[in-house]
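See structure below.
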Amino acid sequence: MNPRLDSLQPYPFERLNALKAGVTPQTNLAHVALSIGEPKHLPPDFVLQRLAAVDLLRRDLSTYPATRGSLDLRVAIADWIKRRFQASVNPEAEVLPVAGTREALFSFGLAVLSGTPGSIAILPNPFYQIYEGAILLGGAQPYFLPATVERNYLPDFRAIPEAVWKATELIFVCSPANPNGTVLPEAELRWLIEQAHRYDFVIAADECYSEIYLNEAAPPTGLLEASARMGNEGHRHCVVFHSLSKRSNLPGLRSGFVAGDANILEHYFLYRTYEGCALPAHVQAASELAWRDEAHVIANRIAYRQKFAAVRDIAPDVAPSFEPEGGFYWWVKTPISDTTFARQLFEQENVTVLPGSYLGRKGRDGTNPGDNHVRIAWVAELNECRGAAERLQRFMTSL
């Protein structure tokens, strides 16, 4: 077996299951899972109708899909990037459809990292564990950059020593961030692009939460948007990851895209031809429709805003001290250990949240920035979230 597999840590939800093992809730109230970011809003009807078109489905299922995806889908994605981020990408060379951002972020790390001893990949801390897995299996050393409450959970890129930058091959960024909802300012994105040019590394920007934000007039800035505004021709060193899972409530469709630097994507395409992860033709066709429609996305944001306002009113003692700028998580400080909080909440109220320590690692100072936090995913429908907020408020008051 690949010896690097031994360096992988258990996934957060495995640890959560172990934490809850043997615990019986003391209430007859129905269980509410606020632990996983799996959208529960209804998917758009036009996607369901396309998937249910039998004649088209019969045709689509009789062909092997192309790894590069259909030109129609790539053009739809390029058009969406232009509308949303005012950035131009060539659909022939700068867009690749992928089976969701999870598989893409992982395989991208394996394709980019050289495995050279002493090479480094930077990631935020806390983080989406896929980043760490890709780094470890890619043979690089992870450099954890803490996102702490003192900086409103924004990582301090400028504190990274030059020696680290010189050894860096890849940096993962996430904006809006999982788990805390912070958005990287355009000035920080531009500075990172300048560093990437100076030290020759790749920026992998996970932007799968970019279409869920509070202020309709101020959408989060994307990496390609910053790249275009600073005149970075060809988006050199920049690659972004987007998904229909959160934007369109289609986590089961497993559809997203990677876009950016054509030279990087050409090498990544070579990797993908061997991995065998092409999107089925019917998934591509449904995805094209989703990327071309914005009305359902706007309605989705409205539903989330209504929900955020409702649960904050119901559970003021649980709500984070500042409103997340994007995404659908609350990143909440706990008055007791985060694992104790999660276990007792499940036992007393039959509500599951994710301990923050499971999303972080001990840094160079020996502390885990996820300690004494829990992540709450407000993904269920409004009434279920209201009921869960009442239970969370009751539990927090009991402490």
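Each value in this text was obtained by applying a stated rule to the coordinates, not by laboratory testing. Being a predicted model, the structure only gives us computed values, none of them experimental. Glycine also receives a Cβ, built like all others from the backbone with ideal geometry; neighbour counts cover every protein chain displayed.
Side notes on the structure shown:
- Most mobile of Ala315, Ala147, Ala121 in a GNM of the chain (Cα contacts under 10 Å): Ala315
- Take each peptide in 274-283, 123-132, count the other Cβ atoms within 10 Å of every residue, and average; sorted highest first, the result is 123-132, 274-283.
- For segment 246-399, the relative contact order is 22 percent, taking Cα pairs closer than 8 Å that sit 6 or more residues apart in sequence and dividing their mean separation by the residue count.
- Using 0.36 nm per residue and subtracting the Cα-Cα separation, the extra length available between Thr340 and Ala187 on full extension is 51.2 nm.
- When Rg and the Kirkwood Rh are both derived from Cα coordinates, the Rg/Rh ratio for segment 328-399 amounts to 1.01.
- With all pairs of different C-alpha atoms in the average, the Kirkwood value for the hydrodynamic radius of the chain is 21.8 Å.
- Sequence-distant residues sharing a close amide H with Asn368 (under 5 Å, placed H): Gly363
- For the chain, share of DSSP beta bridges that run antiparallel, in % to the nearest 5: 45
- When peptides 385-391, 334-340 are ranked by their average number of other Cβ atoms within 10 Å per residue, the highest-first order is 385-391, 334-340.
- Per residue, the average separation of C-alpha pairs within less than 8 Å and at least 6 apart gives the chain a relative contact order of 25 percent.
- Segment 215-262 and segment 340-399 have Cα centres spaced 29 Å apart.
- Local electrostatic count, Ala99, Cβ distance below 13 Å [Lys/Arg +1, Asp/Glu -1]: +1
- The tail of the calculated P(r) for segment 65-293, taken as Cα-Cα distances beyond 30 Å, holds 17 percent of the pairs.
- Vicinal HN-Hα couplings computed from phi for segment 224-234 (Karplus, 6.51 cos²θ - 1.76 cosθ + 1.60; Hz; Gly/Pro x): 5, 5, 4, 4, 5, 5, 8, x, 7, 4, x
- Helix content alone sets the calculated 222 nm mean residue ellipticity of the chain: runs of n ≥ 4 DSSP H residues at -39500 (n - 2.57) each, divided across all residues, give -12500 deg cm²/dmol.
- Once C-alpha pairs closer than 8 Å and six or more residues apart are averaged by separation and normalised to the residue number of segment 65-293, the relative contact order reads 28 percent.
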